[in-house]
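Below is one structure, written out as C-alpha cells, with a few remarks after it.
The values are calculated or read from the model by the stated rules, or taken from the named source; none is laboratory data. The shown structure was predicted, so the numbers you read here are calculated from the model rather than taken from an experiment. We place every Cβ from the backbone using ideal geometry, glycine too, and count neighbours over all the protein chains shown.
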C-alpha cells in the first residue's frame, strides 16, 4: 500500500518544510486580517466561520513550527573511533583509531551528521574548539 505522504517525507528536507509552513503562515495571517475586517463590517456568519477556520489552521502551523524547531536530524558515528556531534561544540574534539580497516556505513542518511570513516569527526554546527584526529590503519 502506498502512503500519500511518503513522497513528501522522503524528498523534502525539514528546513524546506519549515520554510513552506512559515511562508504559508504569513499568507494565513494576512487573510485573517482581511477577513476580520470584512467580518466586523458585515457580520455575516460565513465570514466568522472562515475566520475561525483560518485561526485554527494558523495556530496549527505555528505549533508545528515550534515543535520542529531545533530537532536534531540523524546523528551517526559509523567509523571506528569516529565522533559525530549534532549541534555545535565549544570543546576540543579528538579521536584516535588504531588498527582499524576503513568501513562504509550501510546506509547514508539524506539529512543529518555522519562521521563515516575511521577516526572521522563530523559536526552539524559550529566547532569553536580544536579538532584532532589520529588514525593508524592496519596494513
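Condition first: modelled with pLDDT under 70 and surrounded by 13 or more Cβ atoms within 10 Å (Cβ to Cβ). Can you find one or more residues in the range 114-134 that meet it? Checked the range 114-134: no residue is modelled with pLDDT under 70 and surrounded by 13 or more Cβ atoms within 10 Å (Cβ to Cβ). Going by the conditions given, is residue 111 closer than 30 Å to residue 28 by Cβ and at pLDDT below 75? Yes: the conditions hold for residue 111.
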